[in-house]
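Asks: Dropping the structure in here first, questions after.
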Amino acid sequence: MKFVSFISSGDEGIAIENDGKFYGLLTGDLNYPGNLFGLIQAGGSALATAAKTLAQGDLIQLDKVTLLPPISNPEKIVCVGLNYVDHSKESGFETPTYPTIFNRFNSSLIAHDASILRPQQSIQLDYEGELVAIIGKDAKDIDEKDALDYVAGYSIFNDASIRDYQFKAPQWTPGKNFDDTGAFGPYFVSADVLPKGCKGLQLTTRLNGEVMQSASIDDMVFSVANLISTLSQFMTLRAGDLIVTGTPSGVGLARDPQVFMKAGDVVEVEIENIGLLSNPIEDRVK
């Protein structure tokens, strides 16, 4: 099942893909099943039931509506750094033996087609294409062998980073949380229609059509299952939480010469069988 969240004529809506087209309902419609966040939190058969209802809804032309992040207000956005061996090497770090964890906040999230804004404080705006796993039910002290049972689905993330702010201090939080830098979407794809843990899928990042990153999800140091198990040892993961699983090599910071995004650029992150996340780059005016 492939869902999108959107706004049309000021109303929030949700739609599902059926035979290559999207059908959905708005908040004011009689059979509106609720937003994606609420459906995931409801658990059980809520997503499947909503899918059947939405399939009977109106045809939604995605180029005629404003897309939203699949989930706009998760409780937690947990990000993983240095989760590909080659990216650790290009960044000057040893391959970690324990996941490198940092957080993003909801205020940084934007949707597919929305502009990633380069702040006035820096020109070092970098791209990071990543797979994101969305938790489907509360998880605490989960064994790795059971961890994928707690994933509702997957999407795509561009963890756009302000590099000089990222390294102003040992903690990376400032450089990872500028407003309008966390691109997320466009689709939520349910886990049941993808390989377990998205194993074997290819991730590609392009800047102005040029391939900058290309790697298999298999190349991650810590798999989706391992990350869920590890994170659940010290915190309860809640339904709707995002786990942004790390980026492969090829980031602009590590290139010679360095490549940073600027106004007029277009960055795309594509993951096989999940979709393509595209965002233009603009300068923040104020």
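Asks: Tell me, what ³J(HN,Hα) does each residue in the range 23-30 have, in order and in whole Hz, if you take phi through Karplus 6.51 cos²θ - 1.76 cosθ + 1.60 with θ = phi - 60° and put x for Gly and Pro?
Replies: My calculation for the range 23-30 gives 10, x, 9, 9, 4, x, 6, 4 Hz in order.
Asks: Quick check: Cα centre of the range 130-146 to Cα centre of the range 187-265, how many Å?
Replies: What the calculation gives is 15 Å, centre to centre.
Asks: Could you sort 146-153, 103-110, 91-98 so that the peptide with the highest average Cβ count within 10 Å comes first and the rest follow in order? Kindly include the intermediate steps, with their values, before the conclusion.
Replies: Numbers: 146-153: 20.4, 103-110: 17.6, 91-98: 10.5.
Peptide ranking by packing, descending: 146-153, 103-110, 91-98.
Asks: Counting Lys and Arg as +1 and Asp and Glu as -1, each charge on the Cβ, what is the dipole of the range 2-68 about the Cα centre in debye, to the nearest 20? Mind showing how you got there, number by number?
Replies: Details: 4 positive and 7 negative charges, 32 e Å.
Using only the charged Cβ atoms, the result is roughly 160 debye.
Asks: Taking θ = phi - 60°, what integer Hz values does the Karplus form 6.51 cos²θ - 1.76 cosθ + 1.60 yield along the range 160-170, in sequence order, with x for Gly and Pro?
Replies: Using θ = phi - 60°, the values come out as 4, 10, 8, 5, 5, 6, 4, 10, 5, 8, x Hz.
Asks: Next question, about the same structure. Considering amide H positions built from the backbone, and no H for Pro or chain starts, which residues 5 or more places from GLY57, or on another chain, come under 5 Å of its amide H?
Replies: Counting only residues 5 or more places away or on other chains, the set is GLY24.
Asks: Sticking with this one: Amide H of GLU12: which non-local residues (sequence gap of 5 or more, or other chain) have their own amide H closer than 5 Å, using H built in the peptide plane?
Replies: When sequence neighbours closer than 5 places are left aside, the close amide H contacts are THR27.
Asks: Could I ask something else about it? Please turn the phi angles of the range 32-41 into ³J(HN,Hα) values with the Karplus equation 6.51 cos²θ - 1.76 cosθ + 1.60 (θ = phi - 60°), one per residue in order, whole Hz, x for glycine and proline.
Replies: Values per residue, Gly and Pro as x: 3, x, x, 7, 5, 4, x, 5, 5, 5 Hz.
Asks: Ordered by packing density, taken as the mean number of other Cβ atoms within 10 Å over each peptide's residues, highest first, how do 189-199, 257-267 rank? Walk me through the intermediate numbers first.
Replies: Values: 189-199: 18.0, 257-267: 15.4.
Ranking, from highest mean packing down: 189-199, 257-267.
Asks: Could you tell me the relative contact order of the chain? Use alpha-carbon pairs under 8 Å, at least six residues apart, and round to a whole percent. Each step should come with its number before you reach the end.
Replies: Values: 725 pairs, mean separation 68.5, N = 286.
Over the chain, the number comes to 24 percent.
Asks: Next up: Over the chain, with a single point scatterer placed on each C-alpha, what log10 of the ratio I(q)/I(0) does the Debye formula yield at q = 0.08, 0.09, 0.16 1/Å?
Replies: -0.31, -0.40, -1.28
Asks: Continuing with the same structure: Amide H to amide H, which residues 5 or more places from MET212 or on other chains are under 5 Å from it, using H placed in the peptide plane?
Replies: The answer is THR205, ARG206, LEU207.
Asks: Next question, about the same structure. How large, in Å, is the range 2-68 by the Kirkwood hydrodynamic radius built from its alpha-carbon pairs?
Replies: Working: mean 1/r = 0.0859 Å⁻¹.
By the Kirkwood definition, the hydrodynamic radius is 11.6 Å.
Asks: Counting helices only, and only those DSSP H runs with n ≥ 4, report the 222 nm mean residue ellipticity of the chain as the sum of -39,500 (n - 2.57) divided by its residues, in deg cm²/dmol to the nearest 500. Working shown, then result.
Replies: Details: 5 runs with 35 residues, N = 286.
So the calculated ellipticity at 222 nm is -3000 deg cm²/dmol.
Only the coordinates and a few stated rules stand behind these numbers; no lab work does. In this text the structure is predicted, and so the values were computed from the model without any measurement. Cβ sites come from the backbone with ideal geometry, for glycine too, and all protein chains shown count toward neighbours.
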